1. Could you please rank Trp102, Trp68, Trp51, Trp249, placing first whichever residue has the fewest other Cβ atoms within 10 Å of its Cβ?
2. Convex hull volume of the Cα atoms in region 80-178, per residue, in Å³?
3. Label-point separation (nm) for Ile208 and Arg128, each offset 7 Å from Cα along Cα-to-Cβ?
4. From the phi of every residue in region 112-121, what ³J(HN,Hα) in whole Hz does the Karplus formula 6.51 cos²θ - 1.76 cosθ + 1.60 yield, where θ is phi - 60° and glycine or proline is x?
5. When a footprinting reagent is the concern and you count Cβ atoms within 10 Å, what order do Thr195, Thr93 take, fewest first?
6. Could you give me the ³J(HN,Hα) list for region 253-267, computed from phi with Karplus coefficients 6.51, -1.76, 1.60 and θ = phi - 60°, whole Hz, x at Gly and Pro?
7. May I ask for the Kirkwood hydrodynamic radius of region 46-120, worked out over all distinct Cα pairs and given in angstroms to one decimal?
8. Could you please rank Ser34, Ser172, placing first whichever residue has the fewest other Cβ atoms within 10 Å of its Cβ?
Amino acid sequence: MISSTISSNRRWRRIFLVLGAVVAAYAVLAPLTSLDFAQSANVPLLADRLWFRLATYIAMFIVMATAWNIIGGITGYAAFGNVAFFGIGAYTTGMLIAKAKWPFLVALPLAPVVSAAFAALVGLPLLRLRGHYFAVASLGVGVAVGELVQNIDYGGQPVFGGASGLFLPILSINNRGLFFFYLMVAAAAIAIAVTWWVLRSRFGYGLIAIRENEEAAAVIGVNTTAYKVAAYALAAALTGLAGGIFSQWNVFINQDNAFPIEYNVQMILMALLGGTGTVFGPAAGAVLLQLLIQFLGGSLPITLNLPFVSDTARPILAQVILGLLLILVVIFVPRGVIDFFGGRTRLSLSYLRRSLRETSL
């Protein structure tokens with residue numbers, strides 16, 4: 001019985017990985033059909049401008065969910081303010097480009113550096129808190145940073161653009177949408193690779209020990225403060241990198257799009273939906289949840305047409321459904337969709353099959 005269950009788990013994992021590889025390959029290669037040489041060769045167009053924008057957003061959230069997974073899933077500290085690092089990365093790159101006239105690719109590396117430095121600074125006092133105290137405090141930091149960026153002024157002039165925001169010069173390159181898509185995909189690949197390294201390093205083992213029992217981890221020699229701050233800074237660096245790319249891609253940044261509070265909930269839900277503490281779980285959750293958000297918002301070619309729901313009510317409906325989804329995931333699929341198909345949760349395909357066999361006559 002046990003061997004058959006293990007074999008079933010491995011089979012579902014292989015199927016999941018193969019399907020994920022096929023989807024990833026299509027997502028990466030489909031945009032190439034929009035290039036001039038492909039169109040001149042009469043290659044069917046598989047990706048248009050709408051697809052570029054949606055796919056870039058999905059890659060951006062893969063970075064953010066995977067980064068959150070380092071501090072929230074592997075270390076076990078539920079941070080609710082990681083959007084602050086996204087905004088810091090966006091404004092770092094934006095200020096260097098708009099004010100200092102730096103080239104984009106020169107300014108971009110400063111985004112993760114500044115975000116990580118800020119995370120290390122606030123993490124020293126913040127990570128002494130635990131549980132809901134840390135969650136609330138981290139959320140407060142996320143809100144406070146956005147307010148400060150909007151309201152700081154010098155000599156009566158807003159330093160970071162104030163309520164009017166910050167406009168960046170448009171990067172004049174060919175196939176601009178394709179460039180930022182592959183740049184965000186590269187950032188997502190870096191985030192996944194970093195997570196893979198963390199989970200297989202001594203540093204990662206220390207973080208897992210902190211998640212399981214912080215006092216016991218300290219007893220066996222883990223410098224819990226240093227490890228937690230390093231994990232927080234690493235998550236901030238990856239999130240700041242996504243923010244830096246977003247600033248030049250979107251051209252305009254302000255408090256609303258650089259520090260959106262809903263991003264805090266979305267990146268956590270994505271990690272939970274896919275599977276916290278895993279390498280590919282947050283990425284899978286980001287793809288599924290972002291497609292669901294776009295579907296509910298009517299941004300996809302296939303939309304949910306409900307006669308009693310107006311266009312203005314769609315965002316409210318989307319938030320309600322996301323809230324219900326969060327409840328269902330936490331209660332029934334706490335280890336995410338990867339382990340759902342692997343049969344490791346109470347509500348899974350293997351569990352349902354076993355229940356039917358045991359109750360059948």
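Read-outs throughout are calculated quantities, based only on the coordinates presented, and are distinct from any laboratory measurement. Not measured: the values here are computed from a predicted model. Cβ coordinates were reconstructed from backbone atoms using ideal geometry, including for glycine residues, and neighbour counts include every protein chain displayed.
1. Values: Trp102 15, Trp68 29, Trp51 18, Trp249 22.
In increasing order of surrounding Cβ atoms, one gets Trp102, Trp51, Trp249, Trp68.
2. In region 80-178, the Cα convex hull volume per residue is 124 Å³.
3. So the label points at Ile208 and Arg128 sit 3.0 nm apart.
4. After applying 6.51 cos²θ - 1.76 cosθ + 1.60, I find x, 5, 5, 4, 5, 4, 5, 4, 5, 5 Hz.
5. On the way: Thr195 27, Thr93 30.
So the ranking, lowest neighbour count to highest, is Thr195, Thr93.
6. With coefficients 6.51, -1.76 and 1.60, one gets 10, 8, 4, 5, 9, 9, 10, x, 4, 5, 4, 4, 5, 5, 5 Hz.
7. 14.0
8. Values: Ser34 19, Ser172 6.
Lowest count first: Ser172, Ser34.
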